[in-house]
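Every read-out reported here was derived from the displayed coordinates using simple, explicitly stated rules and does not represent laboratory data. Predicted model only: the values in this text are computed from it and were never measured. Positions of Cβ are generated from backbone atoms using ideal geometry, with glycine treated the same way; all protein chains shown enter the neighbour counts.
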There are 2 protein chains.
Amino acid sequence: MKQFSKEEIDKFIEILDFSKIEGDLIPVITQDFQTNEILMLAFANEEAVRRSLETGYAHYYSRSRGELWKKGEISGHVQEIQQVITDCDTDTLLFKVKQIGAACHKGFDTCFYNEFVNGELKRIGKKVFNPDDVYKKK
Amino acid sequence: MKQFSKEEIDKFIEILDFSKIEGDLIPVITQDFQTNEILMLAFANEEAVRRSLETGYAHYYSRSRGELWKKGEISGHVQEIQQVITDCDTDTLLFKVKQIGAACHKGFDTCFYNEFVNGELKRIGKKVFNPDDVYKKK
């Protein structure tokens, strides 16, 4: 699991361009480091990038809840960061991760489980858990 | 190369959520359909999604230029769409494509060619063309 020093993280934050998405955010694509399957897309603010690189676990910023979140905090389905990659404009991040459990809160291995075929969404992802069991109702 | 009818495209536009990104945009991840390598991330408005599905070639919306663009229009490095996939919230798209030439306008096979290692960006992508040759200076 990849971790970075404070000095390294400061340098990285300096390089990144948070100006493109309202709220000073950067899109983060998360990809399985072994299969190259895309698991999810989420957004990070500076603090989420910082926490991700400090701890080695993927953190994001929830625009709907207005807060930082660690992926898997409730479900245990954490993402251990293996590689941190940027695009050519340094305005998008790619985390290659080891996904513990499954990426999608709806119970699928990946959030990208619906293909558009013949005018309809067709499930192509694998359902691996029941969200009601994992996210206990309050 | 995948193409869709007007009725199918209308249905698809209806399903998608363009409300999350300023300017009624949806992020589009583009992935090589054979290797699963991530090629780029860009944004699409309704018209760009429509043109992509009508023609079978990836189109995006440029926020900096404020216009629709067909990937590869100048360079010839077009993307033939093989699969159109959405995430669980239908607010992100994934195009699995056959990339003709290379994805990155800076000459690399993918835009994600820089890994953050030891406090620096390290090139991990393959340079496959010289941008000066492909994008002729005016």
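Over 21 Å between Cα atoms: which of A:Lys2/B:Lys126; B:Lys20/B:Lys106; A:Lys70/A:Lys106; A:Lys20/B:Lys127 fall into that group?
On the way: A:Lys2/B:Lys126 24 Å; B:Lys20/B:Lys106 29 Å; A:Lys70/A:Lys106 17 Å; A:Lys20/B:Lys127 26 Å.
Violating the 21 Å limit, Cα to Cα: A:Lys2/B:Lys126; B:Lys20/B:Lys106; A:Lys20/B:Lys127.
Suppose every Lys and Arg Cβ carries +1 and every Asp and Glu Cβ carries -1, with no other charges. What dipole size does the protein assembly as shown come out with about its Cα centre, to the nearest 20 debye?
On the way: 40 positive and 46 negative charges, 94 e Å.
The calculated dipole for the protein assembly as shown is roughly 460 debye.
For chain B, take the longest principal axis of its alpha carbons; what is the angle in degrees between that and the long axis of helix B:6-15, to the nearest 10 within 0 to 90?
Taking the Cα atoms of chain B, the angle to B:6-15 is about 80 degrees.
Output the antiparallel fraction of DSSP beta bridges having both residues in the range B:21-138, as a percent to the nearest 5. Walk me through the numbers on the way to the answer.
On the way: 24 of 29 bridges.
Once the DSSP bridges in the range B:21-138 are tallied, antiparallel ones form about 85 percent.
In debye, nearest 20: dipole of chain A around its Cα centre with unit charges on the Cβ of K, R (+) and D, E (-)?
Details: 20 positive and 23 negative charges, 164 e Å.
Dipole about the Cα centre, nearest 20: 780 debye.
Under 12 Å from a point 7 Å along the Cα-to-Cβ line of B:Ile124: which residues of the range B:28-49 have their amide N that close?
Zone members listed by number: B:38.
Taking the range B:72-135, which GluC sites (Glu not before Pro) meet the DSSP loop condition and have no more than 16 other C-beta atoms within 10 Å? Walk me through the numbers before you get to the answer.
Values: sites: B:Glu73, B:Glu80, B:Glu115, B:Glu120; in loops: B:Glu73.
Hits after loop and neighbour filter: B:Glu73.
Can you check what the net charge comes to around B:Gly107, using other residues whose Cβ is under 12 Å from the Cβ of B:Gly107 (Lys, Arg +1; Asp, Glu -1)?
Working: positive: B:Lys106, B:Arg123, B:Lys126, B:Lys127; negative: B:Asp109, B:Asp132, B:Asp133.
Result for the neighbourhood of B:Gly107: +1.
Starting from the range B:41-87, pick out the trypsin sites (Lys or Arg not before Pro) whose DSSP state is loop and whose Cβ has at most 11 other Cβ atoms within 10 Å. The partial results should precede the final answer.
Numbers: sites: B:Arg50, B:Arg51, B:Arg63, B:Arg65, B:Lys70, B:Lys71; in loops: B:Arg63, B:Arg65, B:Lys71.
Those satisfying the criteria are B:Arg65.
Add -39500 (n - 2.57) for each DSSP H run of 4 or more in the protein assembly as shown, then divide by its residues: what number comes out at 222 nm, to the nearest 500 deg cm²/dmol?
Numbers: 6 runs with 48 residues, N = 276.
Dividing the helical sum by the residues of the protein assembly as shown leaves -4500 deg cm²/dmol.
Using only the alpha-carbon atoms, how far is helix A:46-55 inclined from the longest principal axis of chain A? Give it as 0 to 90 degrees, nearest 10.
Tilt relative to chain A: about 80 degrees.
Can you tell me the equivalent ellipsoid semi-axes for the protein assembly as shown? Use √(5λ) from the Cα gyration tensor, largest first, whole Å. Each step should come with its number before you reach the end.
On the way: eigenvalues 155, 124, 55 Å².
Sorted largest first and rounded, they come to 28, 25, 17 Å.
DSSP loop (so not H, G, I, E, B), at most 14 other Cβ within 10 Å: list which chymotrypsin sites (Phe, Trp or Tyr not before Pro) in the range B:81-138 pass both filters.
Qualifying residues, ordered by number: B:Tyr135.
If you average the alpha carbon positions of the range A:36-92 and of the range B:10-89, how far apart do those two centres end up, in angstrom?
23
Which one of A:Ile13, A:Gln99, B:Ile13 has its Cα pushed farthest toward the positive end of the charge dipole of the protein assembly as shown, where Lys and Arg give +1 and Asp and Glu give -1 at the Cβ?
Final value for the positive-end residue is A:Gln99.
What is the log10 of I(q)/I(0) for chain B, computed with the Debye formula using one identical point scatterer on each Cα and no solvent, at q = 0.12, 0.15 Å⁻¹?
Results for chain B at q = 0.12, 0.15 Å⁻¹ read -0.49, -0.76.
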